[in-house]
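Before any comments, here is the structure.
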Amino acid sequence: MKRFAIVAGARPNFMKIAPILRELDQRPELTTVLIHTGQHYDRNLSDVFFEELGIRKPDISLGVGSGSHAQQTADVMVAIEKVLLEADESGQPFDRLIVVGDVNSTLAAAVAATKVHVPVAHVEAGLRSFDRSMPEEINRLVTDSISDLLLCSEPAGQENLLREGQPADRVHLVGNVMIDTLLTQVERARQRPTLSELSLEPEGYGVVTLHRPANVDDSSTLSELLQVMAEISDRLPLVFPIHPRTSARVKEFGLQSIIEAAPKVQLLEPQGYLDFLCLTSQAKVIVTDSGGLQEESTALGVPCLTMRPNTERPVTCDQGSGTLIGNSASLLREQLEAVLQGTYKQGQCPELWDGYAARRIVEVLTRS
């Protein structure tokens with residue numbers, strides 16, 4: 001019987017592990033231990049996702065919490081190494097460690113496992129923004145370089161890995177596992193009272209999420225983006241689940257007055273998965289710098305104005321509903337106008353974003 005460990009630590013991970021864990025748990029020949037690092041420890045960023053997605057209680061909770069990139073990575077490495085070594089000593093070693101995405105927990109767990117000779121499978125491998133100023137890009141590069149099983153969500157990931165010299169037999173195009181979760185939950189999400197509670201109508205509002213330093217850590221950039229949102233909200237109400245980092249910068253830069261002067265911009269606390277999916281799946285447009293939301297909007301067919309100069313998920317722009325905006329207020333205004341005028345491009349859902357990625361992933365895992 002094979003024994004796997006699967007690691008999750010931050011909000012973007014939870015939607016990815018949920019379908020994989022369900023598939024693994026259905027295999028009687030497999031034993032799977034769920035390790036929660038605790039990189040996201042706020043209830044709205046962690047516990048509520050486990051509840052709503054039906055993820056079973058973690059077998060091991062590390063409780064790492066916040067800190068600098070280096071501190072967080074180091075703490076997870078130490079904690080994961082201890083788990084793996086104790087498994088060896090107990091006579092129940094792990095045959096493989098599975099990591100997803102590109103957060104600090106992903107990198108740390110992969111490094112710790114590799115150093116104690118536990119093979120690593122990386123789900124969502126090969127994605128590249130080619131921007132090494134992004135911490136996530138470093139996490140992706142290092143994790144892929146030490147993983148022996150590389151499971152890709154889109155063809156660009158497969159192409160990147162082969163170009164980097166990875167052997168073809170390690171690289172597998174399996175589809176986007178986060179879309180598995182979306183497709184199983186979207187109708188349930190749309191039944192929630194979120195829109196009525198916020199006095200919104202389907203396709204009568206936009207959703208905004210911003211948290212990346214390039215968008216929120218410079219006062220003039222953030223001010224200009226908020227001004228565009230305030231202007232457009234007169235014609236299209238906006239809901240803005242505001243990230244703690246962004247909220248802190250708005251206060252630090254004294255920009256509250258821009259939002260206060262725009263009554264049709266509703267600031268919300270970070271949302272649970274189902275409430276947020278209720279909002280995004282029925283929005284007229286999404287403005288975001290979130291990687292996962294780029295993918296979800298493409299699967300949903302909702303226009304997505306991606307507030308980044310690059311994306312590690314090019315299929316969302318080449319085939320899907322995404323457009324790269326950078327942090328240009330003028331380009332944001334222009335594309336919002338296109339959405340309102342009905343001239344924004346039509347996208348399509350990429351191949352293998354069909355709800356069966358987790359099944360394909362587990363097939364590869366059981367063969368390897």
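The values are calculated or read from the model by the stated rules, or taken from the named source; none is laboratory data. None of these values were measured; they are calculated from a predicted model. When we count neighbours, we look across all protein chains shown, and the Cβ atoms used for this are built from the backbone with ideal geometry, even at glycine.
Is it fair to say residue 301 is surrounded by fewer than 17 Cβ atoms within 10 Å (Cβ to Cβ) and not acidic (Asp, Glu)? Spell out the reasoning first.
Details: surrounded by fewer than 17 Cβ atoms within 10 Å (Cβ to Cβ): yes; not acidic (Asp, Glu): yes.
So residue 301 passes the test.
Can you tell me which of 234, 275 is on the phi < 0 side of the Ramachandran plot, in a loop (DSSP other than H, G, I, E, B) and out of contact with any strand residue (DSSP E or B) (no Cβ under 7 Å at 6 or more places or on another chain)? Even if it seems obvious, please write down each step before you answer.
On the way: 275 fails: in a loop (DSSP other than H, G, I, E, B).
Matching residue, one of 234, 275: 234.
Taking the stated definitions as given, is residue 156 within 28 Å of residue 320 (Cα to Cα), part of a strand (DSSP E or B) and modelled with pLDDT of 95 or more? Explain how you work it out, then say what you get.
On the way: within 28 Å of residue 320 (Cα to Cα): yes; part of a strand (DSSP E or B): no; modelled with pLDDT of 95 or more: yes.
It is false that residue 156 is within 28 Å of residue 320 (Cα to Cα), part of a strand (DSSP E or B) and modelled with pLDDT of 95 or more.
Conditions first: (1) in contact with a strand residue (DSSP E or B) (Cβ under 9 Å, 6 or more places away or on another chain); (2) surrounded by 21 or more Cβ atoms within 10 Å (Cβ to Cβ); (3) charged (D, E, K, R). Residue 264 passes all but one, so which condition is the exception?
Every listed condition holds for residue 264 apart from (2).
Take the residues in region 131-149 that are among the hydroxyl-bearing types (Ser, Thr, Tyr) and part of a helix (DSSP H, G or I), then tell me which one is farthest from residue 73 (Cα to Cα).
Residue satisfying both the conditions and the ranking: 145.
For region 281-298: of the residues being surrounded by fewer than 24 Cβ atoms within 10 Å (Cβ to Cβ) and closer than 18 Å to residue 355 by Cβ, which is farthest from the chain's Cα centre (by Cα)?
Looking at the filtered set, the residue picked out is 281.
Restricting attention to region 159-173, which residues are closer than 16 Å to residue 99 by Cβ and either modelled with pLDDT under 95 or charged (D, E, K, R) (or both)?
Within region 159-173, 170 is the sole residue that qualifies.
Being over 17 Å from the mean Cα position of the chain (by Cα), farther than 22 Å from residue 17 by Cβ and buried (at least 17 other Cβ atoms within 10 Å of the Cβ) is the filter here, so list the residues in region 176-220 that pass it.
Answer for region 176-220, where residues must be over 17 Å from the mean Cα position of the chain (by Cα), farther than 22 Å from residue 17 by Cβ and buried (at least 17 other Cβ atoms within 10 Å of the Cβ): 194, 195, 200, 205, 206, 214, 215, 216.
Condition check: closer than 19 Å to residue 355 by Cα and either modelled with pLDDT of 95 or more or not hydrophobic (A, V, I, L, M, F, W, C) (or both). Does residue 135 satisfy that? Please lay out each step first, then the result.
Values: closer than 19 Å to residue 355 by Cα: no; either modelled with pLDDT of 95 or more or not hydrophobic (A, V, I, L, M, F, W, C) (or both): yes.
No, not satisfied.
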